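Undergrad: One structure, pasted below without further comment.
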Amino acid sequence: DKTAFATIIPLAGAAITIALNYFLIPRLGYAGAAWATLGCYFSMVILSWIIGQKHYYVPYNIKKLSAYIITSVLLCMLGLQFLHWFENNILLTVVIRILLFLIFFVFAWWLDMHKLKRNIA
């Protein structure tokens, strides 16, 4: 019965959250709880993907997915750094973050441009 995975995966995520909270909250405070939640969700996604591929294979383009994830994480980190650098100038920070979003949008368009050309032709 594959519906059991709908219970097992969240229970594993809850266990991971509890364990990470136990170790991270005393050291990092509320940021530790945020990191624990991120770790929980990340582990549940990976676990769901592994189990899903085992029972129903979907040929994901791992290179493209990795490019999207790495680019978005790097741009988010850059946006946080700009927030730190220009914390007194909210308008500049907002403009820079909009530009970072547009950079990601152009990157995504460039990554899928060959598919668009093929569909148009």
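Undergrad: Which is in contact (Cβ under 8 Å) with a residue 12 or more places away in the chain and closer than 23 Å to F107 by Cβ, of A67, A12?
TA: On the way: A12 fails: closer than 23 Å to F107 by Cβ.
Result: A67 is the single residue among A67, A12 that is in contact (Cβ under 8 Å) with a residue 12 or more places away in the chain and closer than 23 Å to F107 by Cβ.
Undergrad: On the basis of being under 16 Å from the mean Cα position of the chain (by Cα) and surrounded by 14 or more Cβ atoms within 10 Å (Cβ to Cβ), does L75 make the cut? Don't jump to the end; show me each part of the working.
TA: Working: under 16 Å from the mean Cα position of the chain (by Cα): yes; surrounded by 14 or more Cβ atoms within 10 Å (Cβ to Cβ): yes.
For L75, the condition - under 16 Å from the mean Cα position of the chain (by Cα) and surrounded by 14 or more Cβ atoms within 10 Å (Cβ to Cβ) - is met.
Undergrad: Regarding the range 56-64, can at least one residue be identified that is under 30 Å from F105 (Cα atoms), without any contact (Cβ under 8 Å) to a residue 60 or more places away in the chain and surrounded by 12 or more Cβ atoms within 10 Å (Cβ to Cβ)?
TA: The initial filter retains those residues of the range 56-64 that are under 30 Å from F105 (Cα atoms), namely 57-64.
In the following step, the residues that additionally are without any contact (Cβ under 8 Å) to a residue 60 or more places away in the chain were identified as 57-64.
The next check asks that each one be surrounded by 12 or more Cβ atoms within 10 Å (Cβ to Cβ); those that pass are 64.
Looking through the range 56-64, at least one residue is under 30 Å from F105 (Cα atoms), without any contact (Cβ under 8 Å) to a residue 60 or more places away in the chain and surrounded by 12 or more Cβ atoms within 10 Å (Cβ to Cβ).
Undergrad: Taking the stated definitions as given, is I46 loosely packed, with under 12 Cβ neighbours inside 10 Å, out of contact with any His (no Cβ under 9 Å at 6 or more places or on another chain), modelled with pLDDT of 90 or more and assigned by TED's automatic domain parsing to the domain that holds I18? Steps first, answer last, please.
TA: Working: loosely packed, with under 12 Cβ neighbours inside 10 Å: yes; out of contact with any His (no Cβ under 9 Å at 6 or more places or on another chain): yes; modelled with pLDDT of 90 or more: yes; assigned by TED's automatic domain parsing to the domain that holds I18: yes.
In short, yes.
Undergrad: Kindly provide the set of residues from the range 38-62 that are of a type in the set (V, I, T) and either in a loop (DSSP other than H, G, I, E, B) or within 12 Å of the chain's Cα centre (by Cα) (or both), ordered by number. Write out each step before concluding.
TA: We begin by selecting, within the range 38-62, every residue of a type in the set (V, I, T); these are 45-46, 50-51, 58, 62.
The answer is V45, I46, V58.
Undergrad: Quick one: Q53 ticks every box in (1) loosely packed, with under 10 Cβ neighbours inside 10 Å; (2) closer than 25 Å to I69 by Cα except a single one, so which number is it?
TA: Status for Q53: all satisfied but (1).
Undergrad: Got a number for residues in the range 63-121 being under 26 Å from V45 (Cα atoms) and in a loop (DSSP other than H, G, I, E, B)?
TA: Number satisfying all stated conditions: 1.
The values are calculated or read from the model by the stated rules, or taken from the named source; none is laboratory data. Everything numeric here is computed off the predicted structure, so don't read it as measured data. Neighbour counts run over all protein chains shown; Cβ positions are idealised from the backbone, glycine included.
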